[in-house]
Amino acid sequence: MAIRFEQRGDAVRIPVRAQPRASRSELAGEYDGALKVRLAAPPVEGAANEELVRFLARLLGVPKSAVRVVSGESGRNKMVEVEGVAVDDVARVLGG
């Protein structure tokens, strides 16, 4: 199953399956149609979400302010929106 990136205006929505408390932040492939991301942060007080935003912004070459978690803040399954990128670029960088 492929990752379901969705273009919404000038933003792209990325379904993410987060795995906190990893030894380092890295992409870990696909999980049930979502991008699986290992995060080097605990799921406490938003630390994992902050690490996810920082990590995706660095990979995609956008400022952290262009990346936000739009749903699933307290769970492993999240929807992340990245502004100022095209769906093709996201798929190329993140693998889709």
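So is Arg54 basic (Lys, Arg) and either under 19 Å from Val12 (Cα atoms) or in a helix (DSSP H, G or I) (or both) or not?
So Arg54 passes the test.
For Glu50, are the conditions met, namely being open to solvent by 50 Å² or more (accessible area, probe 1.4 Å), of a type outside the set (Val, Ile, Thr) and within 20 Å of Arg4 (Cβ to Cβ)?
No, not satisfied.
Pick out the one residue from Arg4, Arg38 that is modelled with pLDDT under 95, open to solvent by 30 Å² or more (accessible area, probe 1.4 Å) and touching a strand residue (DSSP E or B) at 6+ places or on another chain (Cβ under 8 Å). Full working, then the answer.
Values: Arg38 fails: modelled with pLDDT under 95.
Selected residue: Arg4, the only one of Arg4, Arg38 that is modelled with pLDDT under 95, open to solvent by 30 Å² or more (accessible area, probe 1.4 Å) and touching a strand residue (DSSP E or B) at 6+ places or on another chain (Cβ under 8 Å).
Considering each of Ser65, Ser71 in turn, give the residue that is more than 12 Å from the chain's Cα centre (by Cα), surrounded by fewer than 18 Cβ atoms within 10 Å (Cβ to Cβ) and free of Cβ contacts under 8 Å to residues at least 60 places away in the same chain.
Ser65
Please indicate, with yes or no, whether at least one residue in segment 12-33 is among the small types (Gly, Ala, Ser), open to solvent by less than 60 Å² (accessible area, probe 1.4 Å) and in a helix (DSSP H, G or I).
no
All but one of (1) at pLDDT 95 or above; (2) in contact with a Leu (Cβ under 9 Å, 6 or more places away or on another chain) hold for Gly95, so report the exception by its number.
(1)
Among the residues in segment 75-86, are any surrounded by fewer than 17 Cβ atoms within 10 Å (Cβ to Cβ), outside any strand (DSSP E or B) and among the aliphatic types (A, V, I, L, M)?
yes
The values are calculated or read from the model by the stated rules, or taken from the named source; none is laboratory data. Quick caveat: nothing in here was measured; it's all calculated off a predicted structure. Here the Cβ is made from the backbone with ideal geometry for all residues, glycine too, and neighbour counts use every protein chain on show. Accessible surface is based on the protein model in full, side chains and every heavy atom, while ligands, DNA and RNA are left aside. Shrake-Rupley method; radii C 1.70, N 1.55, O 1.52, S 1.80 Å.
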